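Every read-out reported here was derived from the displayed coordinates using simple, explicitly stated rules and does not represent laboratory data. Since the structure is predicted, the reported quantities are computational estimates derived from the model, not experimental observations. No Cβ is skipped: glycine too gets one built from the backbone with ideal geometry, and neighbour counts run over all protein chains shown.
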Amino acid sequence: MRNKLLKTISNKIILDNKLIVLLGDLGVFQMREAMNNRPSQVINFGIMEQTMIGFSAGIAKGGYYPIIYSITPFLVDRAYEQIKLDLIYNNSNALILSAGASFDYSTLGPTHHCPHDITNLLSIKHPFLSHPFTKLQSVKILNYILQHKKQAYIRISSSELDISEYPNLKKSEHNSKEKELLIFQKFSTNSYKTNKLVILFGPDSIFLRNCNYQINKCDSLITVSVINELMFSDLVKEIKKYKEVFIFIPYDPAQVILKLISKIKSFEDYPSSILLFHPKANFYDNSYEKKDIFQFNTEETRII
Amino acid sequence: MKEIHLNISINEMKNLLYENTCKILKKANEVNAGHIGGSLSMSQFLLPIIYYLEIEENFNYRIILSKGHASLGLYSILDLLNINKRPFNNYCTKKSDSFHGHTCSKSFNKLISSSGSLGHGLPIAMGFAYTQQLKKSNIPVICILGDGELQEGTLWESLLHIFKMKLNIKILIDFNNSIETNTIKVDKVVKDIVKTNDFSAHSYSDINKAINLISFIGPEIIIFRTKKLANVSSYESKPQWHAGIPNRVELSDMLKKVSISLED
């Protein structure tokens, strides 16, 4: 997914000279041709993430659109204050492209893990967070962001969801106000029952314990790829149609769940059960495989 | 290149500095807020510079107050020079239209961004200056830092890029030599790695030299030697006045002791 996105960006900067790519000494190999062709638009800024975010805020204030690329914790953790103040508080729009998701660099230890990026960014009112499920979807989301030059964050994962592995599920239509972009996709069985709904937040969800089992038993599956205000409103409407809801969030779910509950407001009708699956907050101080971290450390939290 | 200098006489500038000093002290007492120590040290060089850029020349530039806690100094200058009276009048009034205690970008159209957290201004200034370079524009970016703030790592990281990229940034350091931070001799370290201009904020000719440097294209670092609570004799250089608020008795005493030091 990351190579596809970097390749797309390399092509886009030729068409749009307002795009400036800043690399945190990562992606230099994939972007080398673009760096040679457009040296003023692709800068390997070096290993100074806080300064790089500040620099990007200045670029935005100067009428350009910065795209920042590095490993998730070095951007979201180390440069958190710069993201909060220089970008969001100061209305300086930038695209942060983070590699590593929760535990892509699982064997490198806690310094390279970042299972709390989404919740931390939501808590500082980041308006547009995304975790695409496929390469194709990631390019679609990227194109949308570059067209609108939004304040945006793409969480690149090394995993993808192959929906063809669940032949009982067929894509169903849902109305999104943002027609250009599917903030979530819905798949349903042919039975038209509304007993069980499974919701996945990003492709790493499938590694959480029970996820595959619940997908195979559900009536409908929703894959959430963009987290913004519109998604929360639309998703709550879907949740209220079902009796049992299983939510799989492969990162710290605090802010996502808080926002969902605040929008559900009433539990008088459906759903009668909401069960959340997410990884335990911990420092995984061993060389585990990514899927093992999720499998062995899935926590179940009952919401209702 | 033609030498430029302020047309306003030194005595007229001293009168402006006197008026500005009194305004800052009275406002802090009135609203029970403000960092008067840094506001007064910074005003010693910023008032003549803004006077030249705004009143005498209508110069095109951008500014960021990285030491955002000195916002009262900037707002007082904007009020005194009739550039924008709203931020000073509404400074920390605690009402819905008030301005908070750090710099807000809504206060002045030349400000690139709001500020307050130390170490943020120079990277933002650098990004903005980079876009000006891409546009082949000569608009300089003035970034005001405090000497204590120089301990922030982002500023040292920024210096690695600014001179290599030859960005049109003017870094003005309000070197008020705060007692709380002088265990680290940051001025010596800066001088070891990049070319700097070491000026006195109490010298009119040094301020004129700084204005010349602002009008040239390219990066410059200007260390302005100042004092906390500058020009308020017997109160100067005392760390408690970094963010200390004078009560009525102290204000009255301070106002009696305002004496502007500005030599040729």
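Computed from the alpha carbon atoms alone, the convex hull of segment B:145-264 holds 111 Å³ per residue. Counting only other chain Cβ atoms within 10 Å of each residue's Cβ, the peptide A:14-25 averages 1. Each of the peptides A:146-155, B:9-18, A:95-104 was scored by the mean count of other Cβ atoms within 10 Å over its residues; in descending order, highest first, they stand as A:95-104, A:146-155, B:9-18. The string of couplings for segment B:223-234 from the Karplus curve (6.51, -1.76, 1.60, θ = phi - 60°) is 8, 9, 6, 9, 9, 4, 6, 3, 6, 10, 4, 6 Hz, one whole number per residue in order, with x for Gly and Pro.
Note on segment A:163-302: the C-alpha convex hull projects to 8.8 nm² when averaged across all orientations. By the helix-only formula, in which each DSSP H run with n ≥ 4 contributes -39500 (n - 2.57) and the sum is divided by residues, chain A has a 222 nm mean residue ellipticity of -8500 deg cm²/dmol. Karplus-based coupling profile of segment B:77-92, in residue order and whole Hz: 5, 4, 6, 4, 8, 6, 8, 7, 8, 4, x, 5, 5, 9, 5, 6, with θ = phi - 60° in 6.51 cos²θ - 1.76 cosθ + 1.60 and x standing for Gly or Pro. For segment A:2-156, give the magnitude of the charge dipole about the Cα centre (Cβ charges: +1 Lys/Arg, -1 Asp/Glu; no others), in debye to the nearest 20. The calculated dipole for segment A:2-156 is roughly 540 debye.
Translational diffusion of segment A:110-237, estimated by Stokes-Einstein from the Kirkwood radius over alpha carbon pairs at 25 °C in a medium of 0.890 mPa s, is 158 µm² per second. Once backbone amide H atoms are built at 1.01 Å from N, A:I247 has A:I199, A:L275, A:L276, A:F277 as its partners under 5 Å, excluding neighbours fewer than 5 places away on the same chain.
Where Lys and Arg each count +1 and Asp and Glu each count -1, what net charge lies around B:V141 among other residues with Cβ under 12 Å from its Cβ?
Once positives and negatives cancel, what remains is +3.
Which value, in debye to the nearest 20, gives the size of the charge dipole of segment B:50-193 about its Cα centre, when Lys and Arg are +1 and Asp and Glu are -1 at the Cβ?
Numbers: 16 positive and 13 negative charges, 93 e Å.
Roughly 440 debye for segment B:50-193.
Taking the DSSP beta bridges with both ends in the protein assembly as shown, the antiparallel portion is around 20 percent.
Take each residue in B:149-159, count the other chain C-beta atoms within 10 Å of its C-beta, and the mean is 3.
Distance check, please: which entries in B:K195/B:K227; A:K61/B:K185; B:K14/B:K209; B:K27/B:K67; B:K227/B:K257; B:K135/B:K166 exceed 26 angstrom between their Cα atoms? Pairs exceeding the cut-off: A:K61/B:K185.
Give, as ranges by residue number, the residues of segment B:23-56 whose backbone N falls under 18 Å from the point 7 Å along Cα→Cβ of B:K256. What the label zone holds, given the 18 Å backbone N cut-off, is B:25-26. Each peptide in B:54-66, A:51-63, A:113-125 gets a packing score, the mean of other Cβ atoms within 10 Å over its residues, and the list from highest to lowest is A:51-63, A:113-125, B:54-66. Taking the square roots of five times each eigenvalue of the Cα gyration tensor of segment A:233-302, the equivalent ellipsoid has semi-axes of 29, 12, 9 Å, listed largest first. May I ask you to list the residues of segment B:153-176 whose amide nitrogen lies under 11 Å from a point 7 Å from Cα along the Cα→beta-carbon direction of B:V194? Only B:155-173 fall inside the zone, counting backbone N under 11 Å.
Peptide packing: for A:129-142, A:157-170, the average count of neighbouring Cβ atoms within 10 Å per residue gives the ranking A:129-142, A:157-170, highest mean first.
Averaged over its residues, how many other protein chain Cβ atoms are within 10 Å of peptide B:2-15's Cβ atoms? Don't jump to the answer; show the numbers that get you there.
Working: counts 0, 0, 0, 0, 0, 0, 0, 0, 0, 0, 0, 0, 0, 0.
If you average over the peptide's residues, the count of other-chain Cβ atoms is 0.
If you wrap the tightest convex hull around every Cα atom of segment B:10-256 and split its volume per residue, you get 113 Å³.
The Cα atoms of segment B:53-103 cover 36, 23, 14 Å along the three principal axes, with the biggest extent listed first. A viscosity of 0.890 mPa s and a temperature of 25 °C, combined with the Kirkwood radius over C-alpha pairs in the Stokes-Einstein formula, give the protein assembly as shown a diffusion coefficient of 94 µm²/s.
Only Cα sites of chain A enter the Debye sum here, all with the same form factor; the resulting log10 I(q)/I(0) across q = 0.08, 0.13 1/Å is -0.34, -0.91, listed in q order. Each Lys and Arg contributes +1 and each Asp and Glu -1, all at the Cβ; summed about the Cα centre of segment B:10-256, the dipole is approximately 360 debye.
Calculate, for B:I184 and A:D269, the FRET efficiency according to 1/(1 + (r/R0)^6) with r their C-beta to C-beta distance and R0 51 Å; round to the nearest 0.05.
Values: r = 64 Å, r/R0 = 1.26.
That pair, B:I184 with A:D269, gives E of 0.20.
Semi-axes of the equivalent ellipsoid of segment A:212-274 are 17, 16, 11 Å, computed as sqrt(5λ) over the eigenvalues of the C-alpha gyration tensor in descending order. Each 5 Å bin, from zero up to the one with the longest distance, holds this percent of the alpha carbon pairs of segment B:1-101: 2, 13, 23, 24, 18, 11, 5, 2, 1, 0.
Once C-alpha pairs closer than 8 Å and six or more residues apart are averaged by separation and normalised to the residue number of chain B, the relative contact order reads 25 percent. Over all pairs of different C-alpha atoms in segment A:2-156, the reciprocal of the mean inverse distance, the Kirkwood hydrodynamic radius, equals 15.3 Å. Helices in chain B, meaning DSSP H runs of at least 4 residues, each add -39500 (n - 2.57). Divided by all residues, the mean residue ellipticity at 222 nm is -12500 deg cm²/dmol.
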